[in-house]
Amino acid sequence: MRRDERRWFDALFEEVLASMPPQIHALIEEVPVALEDCPTPELLREMGLDPDDRAGLCGLHSGIPLTDRSVSQSEMPDTVTLYREGIVEEAGGWEEWTDDDGTELGGEDRVRQEIRVTLLHELGHHFGLTEEDLRGLGYG
């Protein structure tokens, strides 16, 4: 990702974060959020994903969901990582366009929306929500 795109993305992330309710800010104090351009090929392999598809992953919750923890576990702290390239790709890119069936894709608003959905999706995993649960809530 180019430096100017990274700055643009990070500014949109800050806008999304500022628009979130206080409860979400409290969660982020508990589960730090990191921004990276894309996952490493090694991480993708560990997840059983194509290591060459580095823009295919939007976010990742690392850690043990609260619903699965025990008092005897001493794990590294949980983190949520958002992957800039995956989010921009999922949104349809930086430029607005319309696909063959008339669906509008891409552009700043879609990237902003995808940042929000990905952030809430990964925070949901921290609280033990499954992919099915998150799809039902519109964050899948």
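The values are calculated or read from the model by the stated rules, or taken from the named source; none is laboratory data. All values reported here derive from a predicted model rather than from experimental measurement. So basically every Cβ, Gly included, is an ideal-geometry build from the backbone, and we count neighbours across all protein chains shown.
Structure notes:
- Tally, over region 89-139, of residues that are closer than 22 Å to V33 by Cα, in a loop (DSSP other than H, G, I, E, B) and not small (G, A, S): 5
- Scanning region 35-83 for residues that are at pLDDT 90 or above and small (G, A, S), we see that the one that is nearest to V117 (Cα to Cα) is G59.
- Taking region 77-92 as the range and being farther than 14 Å from L12 by Cα and of a type outside the set (D, E, K, R) as the test, the residues that pass are P77, T79, V80, T81, G86, G92.
- Every condition in (1) among the hydroxyl-bearing types (S, T, Y); (2) farther than 17 Å from L60 by Cβ; (3) buried (at least 20 other Cβ atoms within 10 Å of the Cβ) holds for T118 except the one numbered (2).
- Scanning region 27-34 for residues that are surrounded by 12 or more Cβ atoms within 10 Å (Cβ to Cβ), more than 22 Å from R3 (Cα to Cα) and either among the β-branched types (V, I, T) or modelled with pLDDT of 90 or more (or both) turns up at least one hit.
- Residue match in region 90-98 (condition: crowded, with 20+ Cβ neighbours inside 10 Å and not small (G, A, S)): yes
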